[in-house]
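Below is one structure, written out as structure tokens, with a few remarks after it.
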Amino acid sequence: MEQEKQMFSLQKTLRYLRITYEIGWNLFLIFIILLICAICFAFGVGAGYFASLVKDMPIPSYKEMKQDIYNYEETTHIYFANRVYLGSFRTDLEREEVRLQDVSPYVIKAIIATEDEYFYEHHGVVPKAIIRALFQEATNSSTRTGGSTLTQQLVKNQILTNEVSFERKAKEILIALRLEKFFRKDEILEAYLNVVPFGRNSSGRNIAGIQAAAQGVFGVDAKDLNLAQAAFLAGLPQSPFGYTPFTSDGKVKDDLSPALNRMKTVLNRMKRAGYISDKQYEEALQYNVAEHFAPPKPSPFEKYPWLTMEIEQRAKEILADVLAKKDGYEKKQLLENTSLYHKYLARAEKQLRQNGYEIYTTIDKDIYDHMQAVVAKYPYFGNDIIKYVKDEKTGKTIAKAEPVEVGAMLIENKTGRIISFVGGRDYHRQQLNHATQAYRSNGSTMKPLLVYAPAMEMGVIQPGSVIPDVELYVKTASGTYSPKNADRQTHGLVSARRALQYSYNIPAVRTYMKIINQHPITYLEKMGFTSLTKTDATNLSMALGALTKGVTVEENVNAYATFGNYGTFVDAYLIEKIVSKDGQVVYEHKSNPVPVFSPQTSYLTIDMMRDVIRQGTAAALPYYLKFQADWAGKTGTGQDNKDAWFVATNPNVTFGVWMGYDTPAPLQLKYKGLSYSKRNLLLWAQLMNAAYDVKPDLIAPKKRFNMPGGIVRRAYCTISGLVPSGLCAKAGLVSYDLYNTKFTPKNGETYLTEGIFVEVNGKRYAALDTTPREFTTRGVMLDERLLSQLGISHVRDVTKLLPKSGQWATTLFAGQLPENGKNPSPLTIHLINGAIRWSSHYENDVIGYRVYRSEREGAPFRIVATIKAGQPLSFPIRSASGVYYVTAVDIAGKESSRSNIIQLSEPKSSTSNPSKPESSSPTKPSEETNSGNAPPPTESSQ
């Protein structure tokens with residue numbers, strides 16, 4: 001019975017256990033099913049949410065992804081001539097592309113160990129890392145380990161944005177998975193290393209990419225980074241500006257511990273991953289990173305402000321033309337449409353700052369550096385002037401010192417290469433580039449360009465042509481124009497060569513008047529003058545450089561290079577070529593020579609300008625130069641001495657210098673013993689001496705300008721410029737010069753005749769048949785018909801055309817002295833200091849005087865002296881007794897009645913002094929009768 005009860009109880013227990021088990025198992029199955037359903041539901045919801053986030057996103061193609069991941073900003077680089085590195089283009093972010101094989105293996109291991117330890121195993125994303133990141137986000141955990149792989153970070157930086165949202169994250173995951181299907185791991189890693197930011201470099205500029213970081217932080221290439229340096233840089237991307245060791249002004253931060261702690265973390269992860277050994281780990285920890293930071297490197301702009309700004313501006317204009325041409329626009333269309341032009345300028349600037357171009361220039365670094373040094377220490381610019389300007393902040397008028405500024409340009413003749421320039425004295429004071437942007441009057445440097453060379457090209461003049469340098473008055477719409485020479489004098493008949501040699505203004509204007517209707521301004525247009533106006537074309541003062549707007553130093557020097565290039569203009573340029581980062585030549589300069597003058601005209605102009613340096617206005621130059629070359633040049637001065645110029649050319653190069661104030665004002669006539677012109681010449685010479693020290697063969701070629709065919713040496717008469725006659729040779733008026741064979745003098749000289757003349761008051765007149773010969777001079781005379789031949793309508797004093805010395809001494813104009821038809825009035829004479837004296841006769845036709853003497857009163861008179869009108873009006877008395885009177889004689893031979901009588905008596909005592917007869921009573925005249933109407937002596941006639 002007991003057994004039956006026990007048996008029954010056991011069965012009951014087993015039944016309960018079985019029921020419990022079945023119930024538990026079923027509940028467990030239900031839980032599992034529910035869990036699976038929940039997971040599936042969650043996954044479905046997540047997948048649906050994920051799908052909703054990316055449903056509108058276009059799936060990028062391989063080509064699009066490749067373009068995006070490699071489309072990172074890269075710094076453009078600038079080079080001097082001969083591929084000498086200048087520096088990087090100004091930009092907000094410096095970045096250098098580098099290939100993976102040129103990166104230190106330590107960097108690659110450090111980046112992978114720190115940023116993505118499963119990089120070579122995953123397919124773009126790490127699920128558990130994403131789940132962990134989502135969990136941390138959901139729980140608002142203070143510890144964030146991040147869930148992005150290197151692939152995701154590359155997608156975020158290059159394809160998407162840094163926006164924090166689930167939508168952006170979803171797109172990031174999808175694109176990362178797709179990216180891994182098309183690109184190899186090394187390609188992704190290389191792209192990442194070229195785009196990741198690294199904070200600032202030792203100059204305080206923002207950097208990105210491992211090459212820019214290696215150079216900017218440690219001053220080495222990415223391939224040369226050691227373990228400690230690689231670990232330090234690999235730690236920066238997590239917080240670029242938090243860990244960067246430099247401030248925005250390039251100073252090392254006071255507290256480097258965050259960056260150093262981060263470096264230790266990187267090294268620890270590298271050791272844990274097995275990339276480095278314990279020994280390497282310890283050695284890296286002992287490395288003093290701070291001691292190996294790169295020193296600050298001034299940017300090209302800081303060291304070469306004038307140059308970098310000029311390169312940037314020209315590169316933008318060039319690239320804008322290139323971009324516009326790709327779109328079907330010609331340069332002319334851009335210039336006519338301002339908004340379109342600025343659109344392409346903006347595009348060009350953006351590309352230059354981001355696309356990693358290489359810009360090669362024509363500037364010789366050493367010559368450029370030497371020139372800046374000369375200007376920096378040149379002591380003869382002159383004093384500052386004080387200008388009163390309105391302060392923009394306070395509105396008050398303040399005094400501001402303004403120094404003498406300078407602009408200079410050196411150009412190679414044949415190619416147009418700008419070898420060097422000087423933009424000014426201090427970029428931080430005035431950002432205007434005085435070599436390329438400042439427009440000023442070019443003064444007398446305009447004369448060869450606009451007057452003499454065009455006139456010779458037209459056959460109007462040649463170097464031996466005679467031009468009158470006498471007063472000129474021209475009626476214009478605004479009044480009377482009357483140019484003056486710098487010395488305020490006139491110089492008579494001068495050759496074109498002499499007029500240019502001494503920079504006479506009046507002959508230049510007279511010559512310009514002869515050709516102005518043939519539009520000589522077109523020659524300037526051919527030679528690159530860009531600022532000419534309609535008014536300039538009709539303005540006579542253009543011959544002297546009076547431009548409405550002005551001309552830059554570059555344009556003026558470039559025009560002179562035309563002469564150095566035998567008449568062919570080659571436009572100056574500074575940028576040789578622009579190359580894209582993949583090695584494609586985007587732009588390469590091609591010269592377009594423009595014929596302007598014949599070789600004959602150019603050589604004749606060169607030869608005339610040689611005289612400017614030999615003996616003319618630049619005669620001081622050879623004493624300032626340390627070398628010799630076949631220089632030909634021209635000085636120039638702006639109105640009221642506001643500008644000083646000198647431009648010269650030799651067979652290789654052309655160089656010009658301008659000096660003046662930014663606000664036009666007269667330069668000091670003298671400063672430290674030098675005139676403004678000599679100060680400018682001295683600066684020109686010192687700059688050339690500096691360039692010669694660098695490139696002597698370039699600056700001082702041994703060859704000279706070769707005389708082309710078609711030029712001959714011919715004699716000419718210096719009176720008329722015509723073929724000399726026998727009389728011209730007899731008068732010593734023959735000279736020689738070079739001529740274009742097409743324009744040699746053809747007509748013989750006919751304006752000289754031989755005859756006799758008289759001279760009155762410094763003027764010469766042809767004698768009449770009745771003119772007493774004792775008052776005449778025989779010589780060569782010049783017919784006044786020459787005046788009309790030379791284009792002179794009237795001259796107040798024709799003798800001003802002829803210098804009164806040398807070969808001109810016996811030459812005169814055969815003018816007629818008007819004769820009044822009556823006898824001259826009698827004179828009044830005086831005995832003064834032992835001599836008879838009188839004043840010039842007031843009648844204009846009187847040509848001389850006769851002095852009469854008799855031994856005593858009542859005795860016959862005889863002529864003892866004839867005195868020409870131009871000689872001293874006195875007769876010394878060498879006898880102690882006698883009777884004297886004087887008469888006046890006119891050009892017709894008519895003689896006045898006698899003057900008052902002066903009678904001298906013999907002394908009564910032998911002890912008297914005969915040398916002073918007027919001092920004792922016995923020697924006083926016994927009679928002094930004034931029977932004439934002549935005025936008393938004046939101060940000027942004594």
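A few remarks follow.
- For the criterion of being touching a helix residue (DSSP H, G or I) at 6+ places or on another chain (Cβ under 7 Å) and buried (at least 18 other Cβ atoms within 10 Å of the Cβ), A543 passes.
- Residue within region 672-680 that is of a type in the set (A, V, I, L, M) and touching a strand residue (DSSP E or B) at 6+ places or on another chain (Cβ under 7 Å) present: no
- Yes/no for Y388 being of a type in the set (F, W, Y) and either outside any loop (DSSP other than H, G, I, E, B) or over 29 Å from K577 (Cβ atoms) (or both): yes
- Close Cβ contacts (under 7 Å, 6 or more residues apart or on different chains) running from residues in region 716-738 that are free of Cβ contacts under 8 Å to residues at least 60 places away in the same chain to residues that are β-branched (V, I, T) and buried (at least 24 other Cβ atoms within 10 Å of the Cβ) comprise C728/I719.
- Enumeration of residues in region 807-854 that are modelled with pLDDT of 90 or more, touching a strand residue (DSSP E or B) at 6+ places or on another chain (Cβ under 6 Å) and not hydrophobic (A, V, I, L, M, F, W, C): P824, H830, R837, H841, D845, G848, Y849, R850, Y852, R853, S854
- Test: residue in region 346-353 that is touching a residue at least 24 places away in the same chain (Cβ under 8 Å) and of a type in the set (D, E): yes
- Condition check for T538 on (1) among the β-branched types (V, I, T); (2) modelled with pLDDT under 95; (3) within 18 Å of the chain's Cα centre (by Cα): one failure, at (3).
- Among residues that are outside the structural domain of I276 (by TED's automatic domain parsing), modelled with pLDDT of 80 or more, loosely packed, with under 13 Cβ neighbours inside 10 Å and not small (G, A, S), Y62 is not included.
- Test: residue in region 613-622 that is assigned by TED's automatic domain parsing to the domain that holds L500, more than 23 Å from the chain's Cα centre (by Cα), in contact (Cβ under 8 Å) with a residue 24 or more places away in the chain and within 23 Å of P379 (Cβ to Cβ): yes
- Any hit, region 362-375, residues being surrounded by fewer than 17 Cβ atoms within 10 Å (Cβ to Cβ) and part of a loop (DSSP other than H, G, I, E, B): no
- Of the helices (runs of 4 or more DSSP H) lying entirely inside region 203-276, those containing at least 3 residues that are assigned by TED's automatic domain parsing to the domain that holds V107 and without any contact (Cβ under 8 Å) to a residue 40 or more places away in the chain are 257-272.
- Verdict on D221 being at pLDDT 80 or above, among the acidic types (D, E) and surrounded by 16 or more Cβ atoms within 10 Å (Cβ to Cβ): yes
- Within region 656-689, restricting attention to residues that are hydroxyl-bearing (S, T, Y) and part of a helix (DSSP H, G or I), the residue that is farthest from I418 (Cα to Cα) is Y676.
- Single residue of A665, A632 found to be in contact (Cβ under 8 Å) with a residue 40 or more places away in the chain, crowded, with 24+ Cβ neighbours inside 10 Å, assigned by TED's automatic domain parsing to the domain that holds P448 and over 19 Å from the mean Cα position of the chain (by Cα): A632
The values are calculated or read from the model by the stated rules, or taken from the named source; none is laboratory data. Everything numeric here is computed off the predicted structure, so don't read it as measured data. Every residue, glycine as well, gets a Cβ built from its backbone with ideal geometry; the counts of neighbours run over all protein chains shown.
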